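Report on the structure given below.
The values are calculated or read from the model by the stated rules, or taken from the named source; none is laboratory data. Worth saying up front: this structure is predicted, and the values here are computed from it rather than measured. A quick note on method: Cβ atoms are made from the backbone with ideal geometry, for glycine too, and the neighbour counts reach across all protein chains shown.
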């Protein structure tokens, strides 16, 4: 009996010890899980579920590579106004939406997105990333945000980004934020920090041009210029290409190459396009001359711009006299939108030209699927065609292809009698360039005095 009592006592003490071990292990494990949850909550933004600034600072310390790291800082320009107007709940949802948008538009290299603070996100690129690749990515990102529809709780929110970037082994965060601040203050789409160059002059020019664009819209100083296009079969001016100019407060006339790229990275680009379209329609609605208007891919995918165009076609009833020129060199991702636009304007009798053909992809297969009336052969192929046999062969191929499809051809950059003779021999239908006529603020059907029309015979 006493022996059984000893066994029972031994068993009980062993069980208690084992239970103690189990409980100790359980609490230790629970403590580890608790610590992990606490750590994760500290290192994660509770709203977007992205890693936060503390996680970034930790990750940056671990970075040790022989090449410069890349850091991109993204500031959402409109967040404060959006949050104030719609409230905090909407603001939080909007930040989640932007987190998803940026996640879907990350660079095509190893990188990580962080919700750094308030309305600021950072992208830490851990792989080698050249300055050219960085610039191309930032250009695309700043352009996409102006074209993409940011929907939040079924509300379309128009926003822009101030983007700064830096590439360095030291002080990466500080340098990227300096660049971001510069972009925000100077209202530039993006700035890449460059400690080895002085960008003050370029930045000043960009600010000046940006202001000139706004002034031109405010003061109705978007000016159409018209360059004549000659029919090479009749040797008569048959149509005009419309070219955009803007006038500054000082009377300076700005060329498209000076302001168009800056405008395309802002919300005012569509206003520029619509202002020009309005003036061109007003110019030609009583003259009944044929004329063309240049449209970028941004115009075609912008519902405000396309709706405006359709309204003007309805209002002025001069569709058969209009040619819409679409840049072939533009990166066209949405061919459905392009086809839809072409179908709509053609229902009013308008014509379609592919501009700068030969400068971009020159995708003949895609071209056959579009209802095209004209091909404008890129000036880089035309300007030295009288001396460049390779260019002549390419142009001849384009002309042959166009004739088989029943598409008329137009040669740009015809700046001499020799080039005019050459493009006529190749069977091109129309020509434009300084030899035929320079752009002017009023359309004229009179040939330049320097032109020898004898080649028509």
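Assorted remarks:
- Residue count for the range 111-138 satisfying the condition of being at pLDDT below 90 and not in a helix (DSSP H, G or I): 9.
- Residue 292 surrounded by 15 or more Cβ atoms within 10 Å (Cβ to Cβ) and closer than 23 Å to residue 412 by Cα: yes
- Every pair of residues 6+ apart whose Cβ atoms lie under 8 Å, when the first sits in the range 279-305 and is over 29 Å from residue 265 (Cα atoms) while the second is assigned to a helix (DSSP H, G or I): 284/321; 285/316; 288/321; 289/321; 290/321
- Considering the conditions (1) at pLDDT 70 or above; (2) in a helix (DSSP H, G or I), residue 48 is excluded by exactly one of them, (2).
- Matching residues in the range 74-89 - criterion: being surrounded by fewer than 18 Cβ atoms within 10 Å (Cβ to Cβ), without any contact (Cβ under 8 Å) to a residue 60 or more places away in the chain and closer than 23 Å to residue 266 by Cα: 80, 81, 84, 85
- Within the range 58-83, the set of residues being part of a helix (DSSP H, G or I), farther than 13 Å from residue 118 by Cβ and touching a helix residue (DSSP H, G or I) at 6+ places or on another chain (Cβ under 9 Å) comprises 58, 60.
- The range 403-414 residues that are at positive phi, paired with ones that are buried (at least 17 other Cβ atoms within 10 Å of the Cβ) and part of a loop (DSSP other than H, G, I, E, B) (beta carbon under 7 Å, 6 or more apart): 413/383; 413/433
- If the condition is being in contact with a strand residue (DSSP E or B) (Cβ under 9 Å, 6 or more places away or on another chain) and surrounded by fewer than 17 Cβ atoms within 10 Å (Cβ to Cβ), then the range 151-177 contributes 151, 156, 158, 168, 169, 174.
- Hits in the range 90-113 (condition: in contact (Cβ under 8 Å) with a residue 24 or more places away in the chain and either within 18 Å of residue 160 (Cβ to Cβ) or outside the structural domain of residue 141 (by TED's automatic domain parsing) (or both)): 94, 95, 97, 98, 99, 101, 102, 105
- Taken over the range 139-167, the residue count meeting the criterion of being modelled with pLDDT of 85 or more, in contact with a helix residue (DSSP H, G or I) (Cβ under 7 Å, 6 or more places away or on another chain) and more than 23 Å from residue 212 (Cα to Cα) is 4.
- Matching entry among 307, 273 (being out of contact with any helix residue (DSSP H, G or I) (no Cβ under 7 Å at 6 or more places or on another chain) and under 20 Å from residue 158 (Cα atoms)): 307
- Flag for residue 48 being outside the structural domain of residue 191 (by TED's automatic domain parsing), in contact with a helix residue (DSSP H, G or I) (Cβ under 8 Å, 6 or more places away or on another chain) and over 24 Å from residue 304 (Cα atoms): yes
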